[in-house]
Amino acid sequence: MIRGIIFDMDGTMVDNMMVHHRAWQAQLASLGLDLSLAEVQARIHGVNTEILQRLFGDRFDAAERIRISTEKEARYRQLFSQELRLVDGLPELLDELRAARIPLAIGTAAPVENVDFVLDRLQLRGYFRSVRHAGHVRRGKPDPEIFQLAAADLGLATTECLVFEDSLTGAATARNAGCPAIILTTTHAEPEFAAFSHIQRFVADYREVNLGYLREAFGLPN
């Protein structure tokens, strides 16, 4: 039985992954690495400092990686500030889940500044009992630590939590945590997830999901 829900944020609550890709493309170009958007989409995932170490090795020290990460996220927020909104159907679903007293958490690889940007501008904090972000973990996705922390905050085992995700890395994180998953196809197409057996459903947006469906499919409490 599923008793709580964990949401990823980027690409799952807000359809912003192409904005991140554009921000990364510009930031990497400033460092002398020119990638197409398709290359960015394929290669750039996880915690920013880990991405930079993976791409550049020891070219930058830890402080420089943090500085570059901060600059990239500022680019992202500037680009996204005029487009910020929840994925269609999510406001209604959040209202349904809050009225039903279903415990909700966020488990995102985003840095705290981006989490605050989304939650505060859209006034979402009251929906979530737990908000876990990149600053809370030692190991980024697909390590299950982020979902383990979020589930523990809800007083639940990870196996009692349904995860909403959008990315291949996020799907792997849910699998590694033992969580069933529903995938938003905002970032990747359904066939790309063929290797994952724990995915219960693919949806374009939250208009395809409501409380009644979640109760019937996952046994959410009445």
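So that you can scan it fast, the table gives a plain yes or no per residue for (1) surrounded by fewer than 16 Cβ atoms within 10 Å (Cβ to Cβ); (2) in contact (Cβ under 8 Å) with a residue 12 or more places away in the chain; (3) of a type in the set (Lys, Arg); (4) out of contact with any strand residue (DSSP E or B) (no Cβ under 7 Å at 6 or more places or on another chain):
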position: 2; (1), (2), (3), (4): no, yes, no, no
position: 7; (1), (2), (3), (4): no, yes, no, no
position: 14; (1), (2), (3), (4): no, yes, no, yes
position: 20; (1), (2), (3), (4): no, yes, no, no
position: 23; (1), (2), (3), (4): no, yes, no, yes
position: 27; (1), (2), (3), (4): no, yes, no, yes
position: 32; (1), (2), (3), (4): yes, no, no, yes
position: 36; (1), (2), (3), (4): yes, no, no, yes
position: 42; (1), (2), (3), (4): yes, no, no, yes
Output the residue which, of all residues in the range 1-47 that are under 11 Å from the mean Cα position of the chain (by Cα) and on the phi > 0 side of the Ramachandran plot, is modelled with the highest pLDDT.
-> 11
Taking the range 163-200 and the residues there that are β-branched (Val, Ile, Thr) and more than 19 Å from residue 86 (Cα to Cα), the one that is surrounded by the most Cβ atoms within 10 Å (Cβ to Cβ) would be 173
Residue 56 vs (1) out of contact with any Lys or Arg (no Cβ under 7 Å at 6 or more places or on another chain); (2) modelled with pLDDT of 95 or more; (3) more than 22 Å from residue 213 (Cα to Cα); (4) buried (at least 17 other Cβ atoms within 10 Å of the Cβ): all pass except (4)
Residues that are farther than 30 Å from residue 102 by Cα and β-branched (Val, Ile, Thr), drawn from the range 1-44 | 19, 40, 44
Would you mind telling me which numbered condition in (1) more than 12 Å from residue 6 (Cα to Cα); (2) modelled with pLDDT of 95 or more; (3) in contact with a helix residue (DSSP H, G or I) (Cβ under 9 Å, 6 or more places away or on another chain) residue 161 fails?
-> (1)
Could you give every pair whose Cβ atoms fall below 8 Å, whose first residue belongs to the range 139-154 and is in contact (Cβ under 8 Å) with a residue 60 or more places away in the chain, and whose second residue is surrounded by fewer than 21 Cβ atoms within 10 Å (Cβ to Cβ) and acidic (Asp, Glu), counting only separations of at least 6 or pairs across chains?
-> 140/50; 151/160
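Per-residue answers, yes or no, for (1) among the β-branched types (Val, Ile, Thr); (2) assigned to a loop (DSSP other than H, G, I, E, B):
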residue: 45; (1), (2): no, yes
residue: 51; (1), (2): yes, no
residue: 54; (1), (2): no, no
residue: 58; (1), (2): no, yes
residue: 71; (1), (2): no, no
residue: 78; (1), (2): no, no
residue: 83; (1), (2): no, yes
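Would you check if residue 57 is in the same structural domain as residue 206 (by TED's automatic domain parsing) and small (Gly, Ala, Ser)?
No.
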Name the single residue, out of those in the range 173-207 being of a type in the set (Ser, Thr, Tyr) and in contact (Cβ under 8 Å) with a residue 24 or more places away in the chain, that is nearest to residue 37 (Cα to Cα).
-> 187
Expected output for the range 61-74 (first residue under 14 Å from residue 21 (Cα atoms), partner modelled with pLDDT under 95 and surrounded by fewer than 18 Cβ atoms within 10 Å (Cβ to Cβ), Cβ below 7 Å, 6+ apart or cross-chain) is 73/113
Could you tell me which of the residues 120, 88 is within 17 Å of the chain's Cα centre (by Cα), farther than 21 Å from residue 167 by Cα and of a type outside the set (S, T, N, Q)?
-> 120
Please report, ordered by residue number, the helices (runs of 4 or more DSSP H) entirely within the range 129-219 with at least 3 residues that are closer than 19 Å to residue 114 by Cα.
-> 145-153
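The values are calculated or read from the model by the stated rules, or taken from the named source; none is laboratory data. As the structure is a computational prediction, the values presented were derived from the model and not from experiment. In this analysis, Cβ positions are derived from the backbone assuming ideal geometry, glycine residues included, and neighbour counts consider all displayed protein chains.
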